[in-house]
Amino acid sequence: MTTIAIVAASLCILNVLLWVVLLSRFSRLFSTDGILKRTREEMTKMVSDINNNADRNISLIDDRINTLKKISEEAEQKIAAAKEEIARLEVSKSAVAFDERAYVAQNVPTVSSMLENDVVPLVNIDNIAPEIIAPREAVRVQGSVSASTPRVFPKRVQELYQRGYSIEQIAHELSRSTSEVSFALDMGMLK
């Protein structure tokens with residue numbers, strides 16, 4: 001009996017020890033402190049990842065902003081250079097136009113000088129075909145110079161328009177602006 005009592009006592013002690021170990025492990029495994037600790041660790045990792053991503057995104061945005069600023073500055077410089085070039089070309093264009101007007105004014109004989117020198121034009125400019133007279137250019141006829149007549153331009157515009165030319169093509173052909181051609185067409189349609 002003593003052996004049975006010893007075996008039973010040792011089994012009880014072993015049972016109690018196993019219950020103590022099981023409860024301690026169970027309480028550690030399912031305690032709120034452990035859950036909170038693991039949750040805090042996970043949250044810390046997530047916040048760290050979010051901060052790293054945000055820092056990387058901010059640095060990318062800053063790089064893009066700097067690139068756009070450089071491009072904007074280059075564009076501003078090119079625009080300023082283009083404006084200066086346009087202004088320079090307009091000044092030289094007006095100077096050339098002024099020189100042409102001065103040349104024509106110096107070389108155009110007056111009616112009185114033609115009568116004094118007995119110079120009579122041999123050709124009536126109104127009877128010349130419009131293709132021969134170049135618009136906006138002076139036509140020299142036997143010592144006299146006459147600008148292309150204002151009556152010829154609208155007729156020429158109408159002819160080209162009826163042949164199927166576009167307004168831009170007519171303007172290019174006659175060396176006039178598209179607004180002048182449009183105006184001539186509008187005036188021709190009113191008649």
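Please enumerate, by chain and number, the lysines with C-alpha under 26 Å from the C-alpha of Lys45, excluding those fewer than 8 residues away in the same chain. List returned: Lys37.
Taking amide hydrogens as placed 1.01 Å from N in the peptide plane, the amide H of Tyr165 sits under 5 Å from that of no residue at least 5 positions away in sequence or on another chain. Rolled with a 1.4 Å probe across the full set of protein chains, the surface gives Glu85 an accessible area near 80 Å². Candidate cross-link partners of Lys93 among the lysines, defined by an alpha-carbon separation under 16 Å and a same-chain spacing of 8 or more, comprise Lys83.
Rounded to whole Å and sorted largest first, what semi-axes of the equivalent ellipsoid does the C-alpha gyration tensor of the range 1-101 yield via the square root of 5 times each eigenvalue? Don't skip to the end; give the middle numbers.
Values: eigenvalues 1776, 12, 6 Å².
Working from the Cα gyration tensor, I get semi-axes of 94, 8, 5 Å.
With a Förster radius of 30 Å applied to the beta-carbon distance between Met1 and Leu29, the computed FRET efficiency rounds to 0.15.
Extension gain, Arg151 to Lys37, is 31.2 nm, computed as 0.36 nm per intervening residue step minus the present C-alpha separation.
Once you compute Rg and the Kirkwood Rh from C-alpha atoms, what is the Rg to Rh ratio for the range 6-49? If you can, show how the numbers build up before the last one.
Numbers: Rg = 18.3 Å, Rh = 12.9 Å.
Radius of gyration over Kirkwood radius for the range 6-49 works out to 1.42.
Residue-wise HN-Hα couplings along the range 154-160, as the Karplus relation 6.51 cos²θ - 1.76 cosθ + 1.60 with θ = phi - 60° gives them from phi, are x, 5, 5, 4, 4, 4, 5 Hz; Gly and Pro carry x. A simple rule links phi to the HN-Hα coupling: the Karplus curve 6.51 cos²θ - 1.76 cosθ + 1.60 with θ = phi - 60°, which for the range 31-43 gives 7, 5, 5, x, 4, 5, 5, 5, 5, 4, 4, 5, 5 Hz, with x for Gly and Pro.
The values are calculated or read from the model by the stated rules, or taken from the named source; none is laboratory data. None of these values were measured; they are calculated from a predicted model. Here Cβ is always computed from backbone atoms with ideal geometry, including for glycine, and neighbour counts include all displayed protein chains. Each accessible area value is taken on the protein alone, full model and side chains, heavy atoms only, with ligands, DNA and RNA left out. Shrake-Rupley method; radii C 1.70, N 1.55, O 1.52, S 1.80 Å.
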